[in-house]
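Each remark here refers to the structure printed beneath this line.
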């Protein structure tokens with residue numbers, strides 16, 4: 001197996017690490033597919049059940065932003081916007097990750113949704129700062145940095161098209 005050695009400069013010091021080249025792409029693909037499945041399952045579960053974000057916003061919100069989220073949960077206008085955003089957003093994020101299409105954009109939207117869920121329940125009950133929402137957000141940032149959509153994903157194919165090559169901002173959504 002081939003290994004790659006990397007050197008990072010941190011605070012003026014060189015830090016060296018090495019990894020097996022096959023490990024990162026395989027695990028990036030598995031993590032991308034896993035996160036995609038988590039989002040698709042959550043979205044379809046909400047779609048086929050009697051889901052409303054109102055219950056979560058009114059009953060589970062706490063912390064410094066509680067009033068904002070409770071007011072949102074009590075407003076029919078807000079719920080009519082939030083409910084489809086959550087359900088269809090999760091389904092689209094899941095498909096984006098599983099198919100590897102507009103992966104970075106899907107990861108960004110997933111991280112934004114998770115961060116809003118995190119804010120609604122500040123502070124975590126069993127830890128002063130960290131909970132699964134933050135871990136998922138960090139995982140999504142890592143997948144975006146690795147360009148996980150290019151690993152057996154449609155982003156790798158789309159990036160080869162000439163019209164796409166001419167639109168530089170698409171590089172940030174693909175990958």
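The values are calculated or read from the model by the stated rules, or taken from the named source; none is laboratory data. Note that the structure is predicted; figures quoted are calculated from it, not measured. Here Cβ is always computed from backbone atoms with ideal geometry, including for glycine, and neighbour counts include all displayed protein chains.
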Go through (1) within 14 Å of residue 38 (Cα to Cα); (2) without any contact (Cβ under 8 Å) to a residue 60 or more places away in the chain and name the single condition residue 124 misses. (1)
Looking only at the stretch 137-146, decide whether some residue is assigned to a loop (DSSP other than H, G, I, E, B), touching a residue at least 12 places away in the same chain (Cβ under 8 Å) and touching a helix residue (DSSP H, G or I) at 6+ places or on another chain (Cβ under 6 Å). no
Looking at the structure I just gave you, is residue 68 outside any helix (DSSP H, G or I) and over 18 Å from the mean Cα position of the chain (by Cα)? no
Please tell me if residue 87 is farther than 24 Å from residue 38 by Cβ, part of a helix (DSSP H, G or I) and more than 12 Å from the chain's Cα centre (by Cα). no
Conditions: (1) at pLDDT below 95; (2) under 22 Å from residue 92 (Cβ atoms); (3) in contact with a helix residue (DSSP H, G or I) (Cβ under 8 Å, 6 or more places away or on another chain). Residue 50 meets all but one. Number of the miss? (3)
Quick check on my filter: what residues within the stretch 93-121 are in contact (Cβ under 8 Å) with a residue 40 or more places away in the chain, within 19 Å of residue 51 (Cβ to Cβ) and part of a helix (DSSP H, G or I)? 93, 94, 95, 110, 120
Selection from the stretch 57-66 of residues that are farther than 16 Å from residue 123 by Cβ and out of contact with any helix residue (DSSP H, G or I) (no Cβ under 7 Å at 6 or more places or on another chain): 59
Quick check on this structure: which one of 77, 58, 81 is more than 30 Å from residue 150 (Cβ to Cβ), at pLDDT 95 or above, over 21 Å from the mean Cα position of the chain (by Cα) and part of a helix (DSSP H, G or I)? 77
I'd like to check something: does the stretch 16-30 contain any residue that is buried (at least 17 other Cβ atoms within 10 Å of the Cβ), at pLDDT 90 or above and within 19 Å of residue 145 (Cβ to Cβ)? yes
